[in-house]
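Asker: The structure is given below, and queries will be raised subsequently.
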Amino acid sequence: MSPSNTSASVAEQPKIVRRSVNLFDLKRQQARMHERIEVRIAAVLEHGQFILGPEVRELEEKLAEFAGAKHAIAVSSGRDAITMMLMALDVGPGDAVFIPAFTFSATAGAIMPLGATPVFVDVDPVTFNMEVNDLDRAIRQVQAEGVLTPKVIMPVDLYGLPADYPAITEIADRHGLIVAADAAQSVGGGIGDRNVGALAPISAASFYPTKPLGAYGDGGAVFTQNDDLAEAVRLIRTHGRQGDGDEAIRLGMTGRLDSIQAAVLLVKLDAFPAELEARNEIAREYNKRLNGIVPTPHIPDGYRTPFALYTTKLPERDTVRARLQEDGVGTGLFYRIPLHRHPAFKRFVRDDVPLAVSDRLANEVISLPIHPDLEMDEVAYVVERLEEAISVRADGQADGA
Ligand SMILES: *Cc1c(COP(=O)(O)O)cnc(C)c1O
């Protein structure tokens, strides 16, 4: 704090008007589109095909077109999309699936029911995505041990930013592995002229309500360029049965999307291109205001992100976060526990592999409010409060000299 900013002058300063800025705000979005959503939901109630109805087929066509993917298969959730994607690739016991250690627990959780082994790879400190040299190291290590079969690389597009698919694909080709994307956060992103959904041979997306494209319940999709994989996922999502047939052709699950969620998603998909613009504009405003104060997200040349989250790093994050909370600013910690520190995944931890970047990020990342209806003066308020919270932290107390 500057020397002039003493207790005496503080008393003369205008009192800061406390605002309430949430991390996400689905109510404002809902207010924009509820009439259209009600019309589409009413149509579902009318026709009564509640599971895999006409809205689901319409959504699948529009999603495939949006992503530039040959197939989009609408499913029950993001986590189920990952599991079904891996089932279609015949992933099972003895197979190694390489995933970043810094991600949501569902990335690993979706692998375990198949009996396959998640292998944790460290991430890049700047992009937060899978670090390709460590990926190469991890594959070589598993090959050298000779116990597991390296089978799938599953990058995660964290906070919406696509992983380094060009480099990852090269590594996959070199070692004879398949790339299957956990694109749960990145629908709407892309690299160059290719969109998420078409960056890997097969990708899994989530429509959880707070994802960039969100339903009003659970939902997800599998995107693929491959006809056989698409057919496999379609069978798997309906108990392995084809059409009305009784025969289970392969092991399946209850993996379907319901028509009401598809109706909601159709309205949201219409609004999505404009929302992506708005999210990126908000991110640019944050970048401008936060420049020189905290690290701003690094988007490599040619990469596009939906900014599912706008995430920065702070050494004393928890203190700053508590201050922001008092000031009405909602923040999120994605993720404060890296995969190798979750009790559920203990048996996959390799003591000789450090995963140091994932550990550090878990203690430093903090996500600021971002959603398409956030106002620019709210961005200004968040940044102002963040600056204040950081300076308070640096000084140790509010008016400390
Ligand atoms: C949200 C998310 C999932 C799971 O999606 P659900 O729809 O919640 O099942 C998986 N992986 C990542 C990286 C996610 O962010």
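Asker: Go over the candidates 310, 303, 335 one by one and state the one that is surrounded by 14 or more Cβ atoms within 10 Å (Cβ to Cβ), under 30 Å from residue 141 (Cα atoms) and out of contact with any Lys or Arg (no Cβ under 7 Å at 6 or more places or on another chain).
Answerer: Unique residue meeting the criteria: 335.
Asker: Report yes if residue 189 is touching a Ser or Thr at 6+ places or on another chain (Cβ under 8 Å), within 15 Å of residue 74 (Cα to Cα) and within 16 Å of the ligand (Cβ to nearest atom), otherwise no.
Answerer: Criteria not met by residue 189.
Asker: Residue 137 versus (1) farther than 17 Å from residue 95 by Cβ; (2) in contact (Cβ under 8 Å) with a residue 60 or more places away in the chain: which is the lone unmet condition?
Answerer: (2)
Asker: Here is a follow-up. When residues of region 169-197 are filtered for being buried (at least 21 other Cβ atoms within 10 Å of the Cβ), among the small types (Gly, Ala, Ser) and in a loop (DSSP other than H, G, I, E, B), how many remain?
Answerer: Within region 169-197, residues that are buried (at least 21 other Cβ atoms within 10 Å of the Cβ), among the small types (Gly, Ala, Ser) and in a loop (DSSP other than H, G, I, E, B) number 6.
Asker: For region 169-186, how many residues meet the condition of being hydroxyl-bearing (Ser, Thr, Tyr) and within 16 Å of the ligand (Cβ to nearest atom)?
Answerer: Number of matching residues: 1.
Asker: Within region 43-152, considering only strands (runs of 3 or more DSSP E) that don't extend past its boundaries, which have at least 2 residues that are more than 15 Å from residue 353 (Cβ to Cβ)?
Answerer: The strands (runs of 3 or more DSSP E) meeting that bar are 71-75, 95-100.
Asker: If you take the residues in region 153-168 that are part of a loop (DSSP other than H, G, I, E, B) and within 15 Å of the ligand (Cβ to nearest atom), which one is nearest to residue 195 (Cα to Cα)?
Answerer: So the residue we want is 162.
Asker: Identify, from the list 252, 243, the residue that is of a type in the set (Gly, Ala, Ser) and either out of contact with any Lys or Arg (no Cβ under 9 Å at 6 or more places or on another chain) or under 19 Å from residue 64 (Cβ atoms) (or both).
Answerer: Result: 243 is the single residue among 252, 243 that is of a type in the set (Gly, Ala, Ser) and either out of contact with any Lys or Arg (no Cβ under 9 Å at 6 or more places or on another chain) or under 19 Å from residue 64 (Cβ atoms) (or both).
Asker: Which members of region 292-324 meet the condition of being β-branched (Val, Ile, Thr), in contact (Cβ under 8 Å) with a residue 40 or more places away in the chain and not in a strand (DSSP E or B)?
Answerer: 293, 294, 299, 305, 319, 320
Asker: Go over the candidates 287, 291, 280 one by one and state the one that is surrounded by 14 or more Cβ atoms within 10 Å (Cβ to Cβ), away from the ligand (no atom under 16 Å from the Cβ) and of a type outside the set (Gly, Ala, Ser).
Answerer: Going through 287, 291, 280 in turn, the sole match is 280.
Asker: Right, here's the next one. For region 91-99, does any single residue satisfy the condition of being away from the ligand (no atom under 13 Å from the Cβ) and at positive phi?
Answerer: Scanning region 91-99, I find at least one residue that is away from the ligand (no atom under 13 Å from the Cβ) and at positive phi, so the answer is yes.
Asker: Considering every residue within region 275-292, establish whether at least one is of a type in the set (Asp, Glu) and more than 29 Å from residue 34 (Cβ to Cβ).
Answerer: No, the conditions are met nowhere in region 275-292.
Asker: Sticking with this one: Do we have residue 201 as without any contact (Cβ under 8 Å) to a residue 60 or more places away in the chain, farther than 30 Å from residue 37 by Cα and away from the ligand (no atom under 16 Å from the Cβ) here?
Answerer: When the stated conditions are applied, residue 201 passes them.
Asker: Which one is surrounded by the fewest Cβ atoms within 10 Å (Cβ to Cβ), of the residues in region 198-241 that are more than 15 Å from the chain's Cα centre (by Cα), part of a strand (DSSP E or B) and among the polar types (S, T, N, Q)?
Answerer: For region 198-241, the residue satisfying everything is 238.
Asker: Select from region 353-379 the residues that are among the charged types (D, E, K, R) and assigned to a loop (DSSP other than H, G, I, E, B) and write down the one among them that is nearest to residue 98 (Cα to Cα).
Answerer: Going through the qualifying residues, I end up with 373.
Asker: Shifting gears a bit: Kindly indicate the residue of region 338-352 that is assigned to a helix (DSSP H, G or I) and surrounded by fewer than 14 Cβ atoms within 10 Å (Cβ to Cβ) and also farthest from the chain's Cα centre (by Cα) among those meeting that condition.
Answerer: Going through the qualifying residues, I end up with 347.
Asker: Please tell me if residue 37 is under 21 Å from residue 275 (Cα atoms) and either away from the ligand (no atom under 16 Å from the Cβ) or buried (at least 20 other Cβ atoms within 10 Å of the Cβ) (or both).
Answerer: yes
Where a number appears in this text, it was derived from the coordinates with a stated rule and is not lab data. For clarity, every value in this text was computed on a predicted model and none was experimentally measured. For neighbour counting, all protein chains shown are included, and Cβ atoms are generated from backbone atoms with ideal geometry for every residue, glycine included.
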